[in-house]
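Trainee: Provided herewith is a single structure, encoded as structure tokens, for subsequent inquiry.
Please treat every number below as a calculation from the coordinates, not as lab data. Remember, predicted model here, so these are calculated numbers, not experimental data. Note: ideal-geometry Cβ built from the backbone for every residue, glycine included; neighbour counts use all protein chains shown.
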Amino acid sequence: MKGVLALSIGFVGSGFFIYFGLALPWVLGSILACAVASLLGASLQLPGAWRGYAMAALGVVLGSSFTAETAQLVPQWLPTLSVMLLITVLYSFLSYQLLKRWSGMDSLTSLFAAVPGGLSVVSAIADAYNADTRRIALSHSARLVALLSLTPILLHYIGGYELGNPPTPTESSESTQLSWDHLHLIGCGLGGGFSPKR
């Protein structure tokens, strides 16, 4: 079936990253494995509907991380958020100009590749506009790998932070049982994923 090969290769790459304790295994591991398979000549494709299911799951994960306490802290973050917004706009504009002039991408693909947003979200929007999603994914993946590689170095040698090993998750009765909160999140995902399109 279409997509099974890509999904299987992604699971293998994720398992590799998990085994060696590398960062973001379900993202970087699957990206690396699928990229290597593509370079070796494998034809990897995913059904369009699968992207919608993945976006619904990501929406639930990201949305559930916001709490009432987070909303109360937003006014305190306004100065920082304003500066970040300005830097993001400037970065996007400069990246777009560089990619458009020297990468050989068309204007639309350069625009999506320059946007410093989430890889999955940008790829989904780019696919809807028939942009070159492979080159866009490659650009965002390179940015993500550079970020994950350089951030610990900068924090340790410039910020002076001591980075220890991440905590090992432990199983408990609360984490293994399906609670009403989990059912609520599943309902949110199903409701958002299958809501009527306008």
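Trainee: Identify the chymotrypsin sites (Phe, Trp or Tyr not before Pro) of segment 8-105 meeting these criteria: DSSP loop state and at most 11 other C-beta atoms within 10 Å of the C-beta.
Mentor: Passing sites in segment 8-105 are PHE20, PHE66.
Trainee: Then there's this: Through the Karplus equation 6.51 cos²θ - 1.76 cosθ + 1.60, θ set to phi - 60°, convert the phi angles of segment 21-37 into ³J(HN,Hα) values in whole Hz; use x for Gly and Pro.
Mentor: Result, rounded to whole Hz: x, 7, 6, 6, x, 6, 9, 5, x, 5, 4, 4, 5, 5, 5, 4, 4.
Trainee: Around GLY3, which amide H atoms from residues at least 5 apart in sequence, or from another chain, sit under 5 Å from its own amide H, with H modelled in the peptide plane?
Mentor: Those lying under 5 Å, H to H, from GLY3 are GLN45.
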